[in-house]
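Read the structure below first, then the notes.
The values are calculated or read from the model by the stated rules, or taken from the named source; none is laboratory data. A quick note: this is a predicted structure, and the numbers were derived from the prediction, not measured. Don't worry about glycine lacking a Cβ; one is built from the backbone with ideal geometry, like all the others, and counts go over all protein chains shown. Note: accessible area is taken over every heavy atom of the protein model, side chains too, but ligands, DNA and RNA are not part of it. Shrake-Rupley method; radii C 1.70, N 1.55, O 1.52, S 1.80 Å.
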Amino acid sequence: PGSIAAPSTGTGTATITGLAVGDVVSLGRPAGLDDDLIFSGCRVTGVDTLTCYFYNPTAGAIDDGNLAWDYVWFDGA
């Protein structure tokens with residue numbers, strides 16, 4: 001995710017070629033993700049688009065930049 005202000009929610013998107021609405025993606029949290037940032041889940045929001053949801057409960061912004069996430073993709077077709 002990009003920078004998420006405090007305290008607030010934010011989103012991050014990823015492009016995964018071949019995703020379609022109705023598919024399910026499960027993510028593995030990367031080891032480098034800030035311990036205070038809460039990963040709330042993800043969903044396929046469009047063709048080739050995964051949207052992930054985060055919450056920052058701290059008193060300052062959190063910006064973890066680009067991290068590599070592991071994922072499993074279940075084709076809903």
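Computed quantities for the displayed model
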item	result
Failed item in (1) of a type in the set (Phe, Trp, Tyr); (2) within 14 Å of Ser8 (Cβ to Cβ); (3) open to solvent by 80 Å² or more (accessible area, probe 1.4 Å), with Phe54 passing the rest	(3)
Of all residues in region 1-16 being of a type in the set (A, V, I, L, M) and farther than 17 Å from Val72 by Cα, the one that is most open to solvent (accessible area, probe 1.4 Å)	Ala5
Residue satisfying condition, being surrounded by fewer than 13 Cβ atoms within 10 Å (Cβ to Cβ) and either assigned to a strand (DSSP E or B) or in contact with a strand residue (DSSP E or B) (Cβ under 7 Å, 6 or more places away or on another chain) (or both), within set Val72, Val44	Val72
One residue from Leu27, Leu19, Leu33 being touching a Phe, Trp or Tyr at 6+ places or on another chain (Cβ under 8 Å), over 29 Å from Ala77 (Cβ atoms) and touching a residue at least 24 places away in the same chain (Cβ under 8 Å)	Leu33
